[in-house]
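Everything below concerns the one structure shown next.
The values are calculated or read from the model by the stated rules, or taken from the named source; none is laboratory data. Quick caveat: nothing in here was measured; it's all calculated off a predicted structure. Glycine gets a Cβ as well: all are built from the backbone with ideal geometry, and neighbour counts include every protein chain shown. Protein only, heavy atoms only, side chains kept; ligands, DNA and RNA dropped before computing areas. Shrake-Rupley method; radii C 1.70, N 1.55, O 1.52, S 1.80 Å.
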Amino acid sequence: MKFRVSRDVLADAVAWAARVLPSRPVVPVLSGLLIEASDELSLAAFDYDVSAQARIDADVAEPGKVLIPGRLLAEISRSLPAEDVQIVTEGAEAILTCGSAEFGLITMPVDDFPTLPTMPPGIGAIGGGVFATAVTQVAPASSRDDTLPMLTGIRMDIEGDQVAMAATDRYRIAARDFTWRPAGADVAVSAMVPARVLVEVAKSLRGGEVLIALGDGVAGFESVGRSTTVRLLDEQFIDYRARLSNDWSIRADVRVTPFVEAIKRVALVAERNTAIRLSFSKNQVLIQAGGGDIGRGTEVVECDLRGDDIQIAFQSHFLLDGLTGVETELARINMESATRPALVQDVPGDAEPEFRYLVMSLRQG
């Protein structure tokens, strides 16, 4: 095998594919990046659960395949000078040259690398910006505790041209609705996709559309020459919609940016896992934290309150995750009492809110 490719293009593709490489592979070949040169250059990684494949243009002199340690290739690629890169296989080595730099990388047996999963049938497409925003809004509410796999995923419910995403870690629920372009009007599917995979897909989007594919317990996402497949989690999930549709007796509308900035400032004196306290009254909300060994902080922000005055407390980072997911100028905080969860949502004028975030309140001592 022999090919030549731009350093920047190669480094970008290698870094993207190598992100799914396991830190502790069960077998050595899973630490490798499979490079296949034909009409184009394909770089792929696979750990039996997640696969990533990038296709890029290259000047291929001799077609072939090679399996190279992926993380090492990623480190080398991004450190190379800004010149074209040539890779040639010679015996058990892949010789990489770039300018005056040369590396001889020991290859691994290509035949031992598992067969990459095929992309399931495409069921529709969505603009990359909308998809990335939805994932960013919902993913913070997913759990990092792998002992409860259901909570580590993002639920996707698709019916016709409507898509709903939701995640929960038992302390909050985040949900986002959006429209998309289905492959058929009768599309109706549900899936639990690992949140960490969707986050990585969203981070790597560079515009265009995202093709979504589902089938045989596998989800696939493809955009601009890059594709990812992942095994789905068990479909079991809570009835989250019922918990987001309460009648709320108290409603406060606040401007998102000053509210978020004030919470971040005041939270600097909040000790770990202590509450940030919000006191809503006519035309304002008083934000308070601290009072222990570190100190205390207070700040007042304007708000439009409908209903009775209320004092309520939250974990600051839980509340901020919800507020930063709001894309409209105003955020609406719906409340019932100091001991019940509150619902944060966007305020899109006369339309129904697309983003909703239910967060548990904390008892105040």
*Each residue of the range 11-18 in turn: what ³J(HN,Hα) in whole Hz from Karplus with 6.51, -1.76, 1.60 and θ = phi - 60°, glycine and Pro shown as x?*
4, 5, 5, 5, 4, 5, 5, 5
*Provide the gained length on full extension for the span SER190 to ILE294, in nm with one decimal, where the gain is 0.36 nm per separating residue minus the Cα-Cα distance.*
32.7 nm
*So if R0 is 30 Å, what FRET efficiency would ASP308 and ARG272 give, r being the distance between their Cβ atoms, rounded to the nearest 0.05?*
0.40
_Spin-label pair HIS317/ASP161, simplified geometry with 7 Å Cα→Cβ offset, distance in nm_ = 4.0
*Per residue of the range 66-74, in order, report the coupling 6.51 cos²θ - 1.76 cosθ + 1.60 (Karplus, θ = phi - 60°) as ³J(HN,Hα) in whole Hz, putting x for Gly and Pro.*
8, 10, 10, x, x, 5, 5, 5, 5
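Translational diffusion coefficient, Stokes-Einstein: compute it for the range 201-333 using the Kirkwood radius over C-alpha pairs as Rh, at 10 °C and 1.306 mPa s, and state it as an integer in µm² s⁻¹.
The diffusion coefficient I find is 88 µm²/s.
Relative contact order of the range 141-196, please, whole-number percent, based on alpha carbon pairs below 8 angstrom and at least 6 residues apart.
Reported relative contact order: 38 percent.
Only four residue types carry charge here, +1 at the Cβ of Lys and Arg and -1 at the Cβ of Asp and Glu. Report the dipole size of the chain about the Cα centre in Debye, rounded to the nearest 20. Working shown, then result.
Numbers: 35 positive and 51 negative charges, 263 e Å.
Dipole magnitude for the chain comes out near 1260 debye.
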*Which FRET efficiency value, to the nearest 0.05, do you get for VAL27 and LYS282 by plugging their Cβ-Cβ distance into 1/(1 + (r/R0)^6) with R0 = 41 Å?*
0.05
*Using modelled amide H (1.01 Å from N, peptide plane; none on Pro or chain starts), what sits under 5 Å from the amide H of SER6, excluding residues fewer than 5 places away?*
VAL85
*Which FRET efficiency value, to the nearest 0.05, do you get for SER245 and GLU102 by plugging their Cβ-Cβ distance into 1/(1 + (r/R0)^6) with R0 = 51 Å?*
0.20
*Overall Cα dimensions of the chain - principal axes, largest extent first, Å*: 77, 54, 36
*Kindly rank 114-122, 10-18 from highest to lowest mean number of other beta carbons found within 10 Å of each residue.*
10-18, 114-122
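Counting each pair of different Cα atoms once, what's the Kirkwood radius of the range 126-203 in Å, rounded to one decimal?
About 12.6 Å, per the Kirkwood formula over Cα pairs.
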*Between GLU93 and VAL110, what is the spin-label point distance in nm, taking each point 7 Å from the Cα along the Cα→C-beta axis?*
2.0
*asked:* For a protection proxy built on the mean count of beta-carbon atoms within 10 angstrom, sort 125-134, 283-292 highest first, please.
replied: 125-134, 283-292
*asked:* How large is log10 of I(q)/I(0) for the range 1-143 at q = 0.11, 0.12, 0.15, 0.20 Å⁻¹ when the intensity is taken from the Debye formula with one equal scatterer per alpha-carbon?
replied: -0.46, -0.54, -0.80, -1.23
*What does the charge dipole of the range 105-179 about its Cα centre add up to, to the nearest 20 debye, if the Cβ of each Lys and Arg holds +1 and the Cβ of each Asp and Glu holds -1?*
320
*So how much slack lies between THR324 and ARG78, counting 0.36 nm per residue of separation and subtracting their Cα-Cα distance, in nm?*
85.3 nm
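Can you give me the relative contact order of the range 121-264 as a percent, contacts being Cα pairs under 8 Å and 6 or more apart? Mind showing how you got there, number by number?
Values: 268 pairs, mean separation 37.4, N = 144.
Dividing the mean separation by the residue count of the range 121-264 yields 26 percent.
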*Mind jotting down the three principal axis lengths of the range 71-119 based on Cα atoms? Whole angstrom, largest first.*
37, 28, 16
*Please calculate the 1.4 Å probe accessible area of GLU327, with all protein chains present, and give it to the nearest 10 Å².*
120
*Once you have the Kirkwood Rh of the range 22-65 from its Cα pairs, apply Stokes-Einstein at 25 °C and 0.890 mPa s and quote D in µm²/s.*
215
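Given contacts defined as C-alpha pairs under 8 Å and at least six residues apart, what's the relative contact order of the chain, whole-number percent?
Once divided by the residue count of the chain, the mean separation gives 13 percent.
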*Among the trypsin sites (Lys or Arg not before Pro) within the range 243-332, which fall in a DSSP loop and have no more than 11 other Cβ atoms within 10 Å of their own Cβ?*
ARG272, LYS282
*Find the Cα radius of gyration of the range 284-365, compare it with 2.2 N^0.38 Å by division, and give the number to two decimals.*
1.16
*asked:* At 7 Å along Cα-to-Cβ for each site, give me the label-to-label distance between ASP57 and LYS2 in nm.
replied: 2.3
_Expected output is a single nm value to one decimal: the length gained when fully extending between GLU261 and ASP234, i.e. 0.36 nm times separation in residues minus the C-alpha distance. What is it?_
5.9 nm
*Residue farthest toward the positive end of the dipole of the range 194-288, with Cβ of Lys/Arg at +1 and Asp/Glu at -1: which of TYR240, ALA252, LEU214?*
ALA252
*Can you list the residues, at least 5 places off or on another chain, whose amide H is less than 5 Å from the amide H of ILE250, using H built in the peptide plane?*
MET335
*Rounded to whole Å and sorted largest first, list the principal axis extents of the Cα atoms in the range 187-254.*
50, 31, 24
_Output wanted: per-residue J couplings in Hz (rounded whole) for the range 195-201, from phi through Karplus 6.51 cos²θ - 1.76 cosθ + 1.60, θ = phi - 60°, x for Gly and Pro._
4, 4, 6, 4, 4, 5, 4
*asked:* Please give me, ordered by residue number, the trypsin sites (Lys or Arg not before Pro) of the range 171-213 that lie in loop per DSSP and have at most 15 other Cβ atoms within 10 Å.
replied: ARG206
